[in-house]
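Notes to accompany the following structure.
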Amino acid sequence: MLWATAAVVTLGFLIALEIAARHYGLPGPIATQVQEVVFAPKSGFLLYASMGLMMVVLTWRQRFIAAGAAIGIDITFSLVRWAADVKVTEGHPFGNGALWVMLGCAVIAVTRRTGQERVLLLKGVGLGLLLVAGRKTGDTWLLITSKTRPAVLDQYVATADHALGNPSWLVGRIVTATGPVGARFLDYVYTQLAVAAVIVALYQLRNVAVERRFPGHHLVRTFLVIGLLGPGIYMIYPVVGPIFAYGADGGHWAVANLWPDTPPPIGTPHHMPFDEITPRNCMPSLHTAWATAIFIHSRKGPRILRFAGAFWLIATLGATLGFGYHYGADLVAGVVFTLTIETALRSLDRGWDRSGIQLVAYGATVFAALLVSYRYLSMEMAEHPWAFGPLLILAMTSVVYGYVRTTKLWDRKAASAYLPEPRREPQPELV
């Protein structure tokens, strides 16, 4: 019933987004996904990563067959495009095969499977398609934010960012100094975040095919909930980022061409109008949120996975700041946002208790306080950076500390629950 309810809610949400996008003359998530059945997909890597998630429910023999079928279908598509002289100008020339295999497995589950085997295969297909749908939904949300929020709050966030030392300007100059090699490397890390998440998720779900069930909590759940809730904050707090509001990419809409060489001067901030193209997708930084989730879920993996999770988090933070996509304040909010969601999902899986409720309430309060302070205390933060800068870091650190402390307590309780009861030695009795 839970999976059926989730499926109905997800379908209703996608239909609502499709209608909203059509209202603005744009294709919605359903239309863009249907197009990729035939046309070149936007991200072939994401489709193959999604198929990899689906294959956690298959046996090794079935996995080889599915992978071979996907590659064969992609080769056929490439040959047909070559014969018809069709050039792929946008997206990737591969990935259709992975989508076809996922849809084919859904058909097999309905027509050739019964009972628990049908449910398990449908869960695997749903998991893979949800990752793709999440990407399409995010793209549609970004288009809607640009159409429905004509004014942005960048001046408030940029002013508040003085308390943190204007990190976007600092890291932007560092990335510029590294030249095209450093920029390309960080761009690859930034754009392939979903693939990194799939690698961690595949490790967490490696035993699904043997145990014939999914674990109660895993990275994909956190990833999807972050993508579902984050765009709602974009609508409440629209921000375009320093490279647009203070850089050359903003054109005549920008305050001035200051990024990354000259930090913005301290002045009274105002709402500023912006174009209807640039997404208002800065507050909070969802790339930071997702990279933080990857880091958290990689902690229980082998050493190479832990190193990869830490590397992806550091590189993602460098890319978000160094490319001018985010302010430092966005990153602080993104970390608090993720830890609050992760705590709520873990509590939902293990059962709510006092510690979980308190941490979720505290994280939500800190997150709301950050947004309110960026909006209404930005001048005070800029004028007293030595006071407000440490306060921002302290607020974020307090949520991190609370999460680590609470989850360690939960892990100890879970471990003790599996320990065998101590043997009772026979005691001498009086005769």
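Summary of values
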read-out	value
FRET efficiency, 1/(1 + (r/R0)^6) with R0 30 Å, evaluated for LEU170 and PHE13 via beta carbons	0.15
Within the chain, helix-based [θ] at 222 nm, where runs of 4 or more DSSP H residues each add -39,500 (n - 2.57), nearest 500	-23500 deg cm²/dmol
Placed amide H near VAL240: partners under 5 Å, 5+ positions off or other chain	LEU153, ASP154
Cα-only radius of gyration and Dmax that characterise the chain, units Å	24.0, 100
Karplus-derived HN-Hα couplings along segment 191-204 (A = 6.51, B = -1.76, C = 1.60, θ = phi - 60°), whole Hz, x at Gly and Pro	7, 9, 4, 5, 5, 4, 5, 5, 4, 5, 5, 4, 5, 5
Normalised convex hull volume, segment 279-374, alpha-carbon set, Å³ per residue	97
Semi-axis lengths (Å, descending) of the ellipsoid that matches the C-alpha gyration tensor of segment 127-240	32, 22, 13
Heavy-atom accessible area per residue - the chain, 1.4 Å, Å²	52
Centroid-to-centroid separation of segment 166-230 and segment 310-339 [C-alpha atoms, Å]	11
Two-decimal Rg to Rh for segment 169-215 - Kirkwood Rh, Cα set	1.33
Solvent accessible area, Å² - ILE393, 1.4 Å probe, full protein context	70
Charge context of ALA293, other residues only, Cβ under 13 angstrom, K/R +1, D/E -1	+2
Accessible area, probe 1.4 Å, largest first, for residues THR114, THR10	THR114, THR10
Residue order for ASP261, ASP74 - accessible surface, 1.4 angstrom probe, largest first	ASP261, ASP74
Per-peptide average of other Cβ atoms within 10 Å, ordering 149-159, 318-328, 294-304 highest first	318-328, 149-159, 294-304
Candidates per trypsin sites (Lys or Arg not before Pro) in segment 166-218, loop by DSSP, up to 16 other Cβ within 10 Å	ARG206, ARG212, ARG213
Environment charge at THR32 (Cβ cut-off 10 Å; Lys +1, Arg +1, Asp -1, Glu -1)	0
Protein accessible area in segment 160-271, 1.4 Å probe - carbon and sulfur %	64
Distance violations [Cα-Cα > 19 Å] among LYS300/LYS408; LYS42/LYS123; LYS42/LYS136	LYS42/LYS123
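The values are calculated or read from the model by the stated rules, or taken from the named source; none is laboratory data. Just so it is clear, the structure is predicted and the values come from calculations on it, not from any experiment. Heads up, the Cβs are rebuilt from the backbone with ideal geometry, glycines too, and the neighbour counts pull from every protein chain shown. Each accessible area value is taken on the protein alone, full model and side chains, heavy atoms only, with ligands, DNA and RNA left out. Shrake-Rupley method; radii C 1.70, N 1.55, O 1.52, S 1.80 Å.
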